[in-house]
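A short worksheet on the structure shown next.
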Amino acid sequence: MLVKLISIERAVSGSYVLKEVLINPKHILLVTEAASWRKRLAEGVLPEGLHAETSFSRLVLADSNYNREMVIIGTPAEIENKVAFTAKRLLRG
């Protein structure tokens, strides 16, 4: 079962964009707070529409031959809850 999250990525133009991503929870290696992104939000570098209290997390995924790092909207606890909810739903059928 995949988990739907919102990531922030840098576009070719250099601006940041929000993207919906589907992640396999079995590939998550690490989730930590990405506090430095709050500074970018305060500077107005990130897309409009994000609340001033938005939290960000760094998510590390195990990919075939390397680890991929992403910035996700939400706290590590919120991401953990989404992953746990998806796992419970899968177990219950």
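The values are calculated or read from the model by the stated rules, or taken from the named source; none is laboratory data. Since this is a predicted model, take the numbers as computed values, not measurements. Glycine also receives a Cβ, built like all others from the backbone with ideal geometry; neighbour counts cover every protein chain displayed. These area figures cover heavy atoms from the full protein model, side chains too; ligands, DNA and RNA do not enter into them. Shrake-Rupley method; radii C 1.70, N 1.55, O 1.52, S 1.80 Å.
Given +1 at the Cβ of Lys and Arg, -1 at the Cβ of Asp and Glu and no other charges, the dipole of the chain around its Cα centre is 340 debye to the nearest 20. Short-range pairs are left out: with C-alpha atoms under 8 Å and at least six residues apart, the relative contact order of the chain is 30 percent. Average accessible surface for the chain: 69 Å² per residue, computed with a 1.4 Å probe over protein heavy atoms with every protein chain in place. Derived scalar couplings between HN and Hα for region 21-30 equal 10, 10, 10, 7, x, 5, 9, 6, 9, 7 Hz in order, rounded to whole Hz, by the Karplus curve 6.51 cos²θ - 1.76 cosθ + 1.60 (θ = phi - 60°), x for Gly and Pro. In region 19-62, the alpha-carbon atoms span a convex hull of 87 Å³ per residue.
The share of accessible area on region 1-50 that comes from carbon and sulfur is 53 percent, using a 1.4 angstrom probe.
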